[in-house]
Amino acid sequence: MIEQTRNPRNRLIIRLMLATGLRVSELTGLLASNIDLHEGSLRVVGKGGYERILWMPKKIVVELKKWLKVKPERIYLFSTRGGGRIHNSYLRALLAHLGQKAGIAKRVHPHLLRHTFATELYNETRELLIVQRALGHASIGTTEIYTHIGDVDVRNAMQRRRQKK
């Protein structure tokens, strides 16, 4: 889907959302001053005004360095041509369009990218508390919906258990 856009801003937006699990409102409100390229981190103000720190893959940091050089005085990390905040609805429409263009049958929307991030992070770490913290959830119950324990996971766990006995 990322390949469907040649716009560097939009490509970077999608990559950043997939790499960090940002909510659409967190991404559109992300200030350039909240990015620490040296640390590879970004400070996010989430729901309820709660702040959290997220770390980005090195590839994203390199792309952000290039992006910030284009217009270093920017306020929002991703802005309109006039420098204002991108509307959440623009981002929703963009992702839906790119998903269709890529031939993805399922409707693509910002929360789907967040869900993908959370599922991948959980599959890599198997640590629900890490996923909770990365997503900025107050309740672990909210985070549990992002974990998909499939039949393969159950089979593997039970086979490991059986081998120990």
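The values are calculated or read from the model by the stated rules, or taken from the named source; none is laboratory data. Remember, it's a predicted structure, so these values are computed and weren't measured experimentally. Don't worry about glycine lacking a Cβ; one is built from the backbone with ideal geometry, like all the others, and counts go over all protein chains shown.
Each row is one residue, and each column tells you yes or no for (1) within 22 Å of Y50 (Cα to Cα); (2) hydroxyl-bearing (S, T, Y); (3) at pLDDT below 90; (4) surrounded by 12 or more Cβ atoms within 10 Å (Cβ to Cβ).
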{"residue": "L113", "(1), (2), (3), (4)": "yes, no, no, yes"}
{"residue": "T116", "(1), (2), (3), (4)": "no, yes, no, yes"}
{"residue": "L135", "(1), (2), (3), (4)": "yes, no, no, yes"}
{"residue": "I149", "(1), (2), (3), (4)": "no, no, yes, no"}
{"residue": "N156", "(1), (2), (3), (4)": "no, no, yes, no"}
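Which residues, counting only those in the range 74-129, are in a helix (DSSP H, G or I) and of a type in the set (S, T, N, Q)?
N88, S89, Q100, T116, T119, N123, T125
Here is a check on your reading of the model: is R160 at pLDDT below 90, outside any helix (DSSP H, G or I), out of contact with any helix residue (DSSP H, G or I) (no Cβ under 6 Å at 6 or more places or on another chain) and loosely packed, with under 13 Cβ neighbours inside 10 Å?
No.
Step by step: first the residues of the range 45-64, then only those that are of a type outside the set (K, R), modelled with pLDDT under 95 and under 20 Å from L129 (Cβ atoms), then the one that is surrounded by the fewest Cβ atoms within 10 Å (Cβ to Cβ). Which residue is that?
Once the filter is applied, the top-ranked residue is G48.
Exactly one condition in (1) at pLDDT 95 or above; (2) in contact with a Gly (Cβ under 6 Å, 6 or more places away or on another chain) is false for S89; which is it?
That leaves (2) as the condition not met.
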